[in-house]
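> Following this message is one structure expressed as structure tokens.
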Amino acid sequence: MSAMIEISGLVKSFGPLEVLRGVDVRVERGEVVCVIGPSGSGKSTLLRCVNLLERPSAGQVVVDGVELTHPDADVDAARRRIGMVFQGFNLFSHLDVLANLTVAQRKVLRRDAAEADRIARENLERVGLGDKAGAMPAQLSGGQQQRVAIARALSMDPEVMLFDEPTSALDPELVGDVLGVMRRLADEGMTMLVVTHEMQFAREVADRVLFVDAGRVVEQGPPREVIGAPQEERTRAFLARVLNPTGE
Amino acid sequence: MTAAQAAPAAKPSRRRRARAVRAVQYGVLAAVAVAAALLADWGRIAAAFFDLDVAAAQFPGIITSALVNTVVYTALGFAFGLALGVVLALMRMSSVAPYRWIATAYVEFFRGVPALLVFIALGYGVPIAFQLAFDIYSTVMLSLGLVGAAYMAETIRAGVQAVPAGQVEAARSLGMSRGRAMVTVVLPQAFRIVLPPLTNELILLTKDSSLIYLLGLSTGQYELAKFGRSALTEYQSLTPILLAGLCYLIITIPLSRLSDRLERRYGGRPSTPTP
């Protein structure tokens with residue numbers, strides 16, 4: 001069976017700025033891969049290239065056997081099977097929680113109202129927000145909004161989930177709920193590619209950790225190796241800053 | 001001389017000075033009111049504007065026919081203008097350059113020429129040029145709509161651009177096409193943002209609907225302004241005009257209240273709570 005995500009030779013430039021300089025990543029089915037690295041290293045851009053929110057300048061992106069970088073690829077169809085969770089939640093602010101979860105099911109997957117409704121409520125229960133179906137996004141806390149966003153992506157029955165720093169915009173006391181949902185999702189066998197600064201989460205949940213710096217994958221391996229015993233000097237320097245910010 | 005007198009040895013306190021300024025303001029107001037009351041010929045003014053017999057004679061036609069016609073003409077023009085405005089706004093943001101040029105040229109043209117000329121062109125020019133006989137409703141719908149669309153297109157474009165980019169990214173990541181995301185996510189949010197300015201545009205169109213008089217209306221087609229003018233030929237009083245003006249306010253004041261309320265409710269950041 002082929003890998004879920006296969007990225008090879010990925011290059012992405014914004015004008016003269018080369019953000020990704022030849023990245024190869026392979027994510028197996030059911031695997032949880034965390035991407036860590038300093039800000040500006042290109043890790044978010046890497047994630048956004050997987051569902052072509054950013055169009056790669058060069059290289060190949062294959063998801064579930066479909067080459068998305070091919071000129072004739074049906075990117076909209078592929079995105080239905082690639083769930084994405086954003087740092088800023090990006091819930092549809094004019095729709096209530098339930099409608100946030102049903103709108104794409106109905107307009108994209110053409111599910112009928114009753115089925116979409118049922119699936120949406122199931123997924124709200126799954127993230128622990130079964131009682132919030134009628135709320136508007138702005139009435140929810142950041143942590144609740146992010147869990148709704150996860151439920152929204154799950155309602156499309158994705159094959160793989162992309163998380164772009166899902167807890168970076170949250171107050172510290174709200175981070176745990178979101179990570180808990182993600183941990184359960186990983187336990188259920190979802191294929192996940194997660195850009196994160198939560199080293200504890202990466203250490204405990206990830207099957208593999210990628211350290212990205214200056215547009216390249218510098219080091220990768222099981223978390224106990226990459227986080228526990230990094231081989232590369234840049235990885236060590238980054239981890240020292242993240243794990244011990246005050247330098248004591 | 002007065003200035004010298006107003007500058008005594010001890011300088012007046014700031015508060016006292018403010019009180020004096022306010023007293024002068026009220027004084028001027030009172031003086032104007034007294035002058036108006038004494039100098040104006042109230043009997044003549046009343047006969048010209050407030051003739052109750054003439055006023056009574058305007059009813060019920062001014063409401064059941066004229067006011068209704070004004071509302072219908074305006075609604076037709078607004079509906080057409082809004083639809084065309086959305087199309088123009090999308091064209092102005094198109095990736096196809098000629099669409100942008102056409103929409104820009106349209107907006108510049110119809111914002112720049114008086115609505116009066118558009119009414120004349122549609123009422124007289126187009127029927128001759130194209131051998132088309134528009135009825136009065138089509139003419140008013142097209143004329144008001146063509147002018148209104150130019151303003152509304154700019155308003156709608158601003159609204160669309162005010163919707164955060166993350167909303168589109170979320171929609172696209174769920175598999176929606178560009179067009180589907182626009183219709184399902186962006187436009188509904190953009191409309192909330194632009195409801196107050198669109199309401200103001202509706203008020204402007206309400207007043208511009210009076211230009212239809214140029215086209216020659218039959219009695220049943222009179223809207224408020226024409227209704228008032230035609231009554232002038234019957235009576236030696238401007239009372240019908242005053243009444244017609246009040247009828248416009250019956251339409252426009254609730255609309256501007258509505259606009260204020262929408263502004264408070266949806267104004268500011270696009271992601272404000274919308275319970």
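The values are calculated or read from the model by the stated rules, or taken from the named source; none is laboratory data. In this text the structure is predicted, and so the values were computed from the model without any measurement. Neighbour counts run over all protein chains shown; Cβ positions are idealised from the backbone, glycine included. Accessible surface areas use protein heavy atoms only, side chains included; no ligands, DNA or RNA. Shrake-Rupley method; radii C 1.70, N 1.55, O 1.52, S 1.80 Å.
> Whose amide H sits under 5 Å from the amide H of A:LEU210, counting only residues 5 or more places off or on another chain, with H placed in the peptide plane?
Excluding prolines and chain starts, which carry no amide H, the hits are A:CYS34, A:VAL35, A:ILE36.
> Determine one quarter of the surface area of the Cα convex hull of the range B:194-262, which equals its mean projected area, and express it in nm² to one decimal.
5.1
> Here is a follow-up. So what's the convex hull volume per residue for the Cα atoms of the range A:83-176, in Å³?
Convex hull volume per residue, Cα atoms: 90 Å³.
> Still on this model: Could you do me a favour and compute the accessible area per residue for the protein assembly as shown, 1.4 Å probe, result in Å²?
Using a 1.4 Å probe on heavy atoms only, each residue of the protein assembly as shown averages 49 Å².
> Also, quick follow-up: Can you give me the relative contact order of the range B:132-275 as a percent, contacts being Cα pairs under 8 Å and 6 or more apart?
The value is 26 percent.
> Here's something else I'd like to know. Counting only protein chains, not ligands or nucleic acids, how are B:PHE130, B:PHE80 ordered by accessible area (probe 1.4 Å), most first?
B:PHE130, B:PHE80
> Let me ask another. On a 0 to 90 degree scale, rounded to 10, what angle separates helix A:97-107 from the longest Cα axis of chain A?
Tilt relative to chain A: about 90 degrees.
> From Cα pairs below 8 angstrom and at least 6 apart in sequence, can you work out the relative contact order of chain B, rounded to a whole percent?
Normalised by residue count, the contact order of chain B is 26 percent.
> While we're here: With all protein chains present, how much of the accessible area of the range B:1-126 (probe radius 1.4 Å) comes from carbon and sulfur, to the nearest whole percent?
Within the range B:1-126, the accessible surface is 71 percent carbon and sulfur.
> As a test of the definition: which semi-axes, in Å, follow for chain A when you take the square root of five times each eigenvalue of its alpha carbon gyration tensor? Largest first, please.
30, 23, 16
> Using a cut-off of 11 Å between beta-carbons, work out the net charge of the residues near A:LEU140 (Lys and Arg +1, Asp and Glu -1, A:LEU140 not included).
Charge balance near A:LEU140 sits at +1.
> Sticking with this structure for a sec: Name the residues of the range A:46-68 whose amide N is less than 18 Å from a point 7 angstrom out from the Cα of B:ALA165 along the C-beta direction?
Hits in the range A:46-68 for B:ALA165 at 18 Å: A:46-57.
> Quick one: P(r) of the range A:33-79 from all Cα-Cα pairs, 10 Å bins, percents rounded to integers, in order of increasing distance.
Percent of pairs per bin, in order: 26, 51, 21, 2.
> How many Å² of accessible surface get buried when B and A come together, counting both sides, probe radius 1.4 Å, rounded to the nearest 100?
Between B and A, the summed buried area is about 2000 Å².
> What per residue convex hull volume, in Å³, comes out for the range A:1-40 when only alpha-carbon positions are used?
Dividing the Cα hull volume of the range A:1-40 by its residue count gives 73 Å³.
> Right, another one. First select every other residue whose beta carbon is under 14 angstrom from the beta carbon of A:ALA113; then total the charges, Lys and Arg +1, Asp and Glu -1.
Residues close to A:ALA113 contribute a combined charge of +3.
> Over chain A, what percent of the accessible surface lies on carbon and sulfur atoms, probe 1.4 Å?
Roughly 45 percent of what the probe reaches on chain A is carbon or sulfur.
> A follow-up question, please. In 5 Å bins starting at 0, how do the alpha-carbon pair distances of the range A:14-101 split up by percent?
P(r) for the range A:14-101, in whole percents per bin: 2, 10, 20, 22, 19, 14, 8, 3, 0.
> Considering protein heavy atoms only and a 1.4 Å probe radius, which residues within the range A:73-88 exhibit an accessible-area decrease of no less than 20 Å² in the full assembly relative to the chain by itself?
Residues meeting the cut-off: A:ASP76, A:ARG79, A:PHE86.
> Could you compute the net charge surrounding B:THR199? Neighbours are other residues with a C-beta less than 10 Å from the C-beta of B:THR199; K and R count +1, D and E count -1.
With Lys, Arg at +1 and Asp, Glu at -1, the net is -1.
> Could you pull out every one of the lysines with an alpha carbon less than 26 Å from that of A:LYS12, ignoring same-chain neighbours closer than 8 positions?
A:LYS43
> If the reach is capped at under 20 angstrom between alpha carbons, list the lysines near B:LYS226, excluding any in the same chain fewer than eight residues apart.
B:LYS207
> Something else: What value, in deg cm²/dmol to 500, does the helix sum -39500 (n - 2.57) over DSSP H runs of n ≥ 4 give at 222 nm once divided by the residues of chain B?
Taking each H run of at least 4 residues, the total per residue is -23000 deg cm²/dmol.
> Please list, ordered by chain and number, the residues whose modelled amide H lies under 5 Å from the amide H of A:VAL85; skip anything fewer than 5 residues away on the same chain.
Counting only residues 5 or more places away or on other chains, the set is A:LEU162, A:PHE163, A:ASP164.
> Quickly rank B:24-31, A:180-187, A:71-78, A:207-214 as a protection proxy: mean count of other C-beta atoms within 10 Å, highest first.
A:207-214, A:180-187, A:71-78, B:24-31
> A:LYS132: which aspartates and glutamates have alpha carbons under 17 Å from its alpha carbon, excluding same-chain residues fewer than 8 sequence positions away?
A:LYS132 reaches A:ASP96, A:ASP117, A:GLU122, A:ASP177.
> Now a separate question. So for chain A, averaging the separation of alpha carbon pairs under 8 Å that are six or more residues apart and normalising by length, what relative contact order in percent results?
Relative contact order of chain A: 25 percent.
> Leaving ligands and nucleic acids out of the surface, order A:ILE227, B:ILE193, B:ILE120 by accessible area at 1.4 Å, largest first.
Ranked list, largest accessible area first: B:ILE120, B:ILE193, A:ILE227.
> Tell me the accessible surface of A:SER39 in square angstrom (1.4 angstrom probe, heavy atoms of protein chains only), to the nearest ten.
100
> Mean 1/r over all different Cα pairs, inverted: what Kirkwood radius does the protein assembly as shown give, in Å?
Averaging 1/r across every pair of different Cα atoms and inverting gives 28.5 Å.
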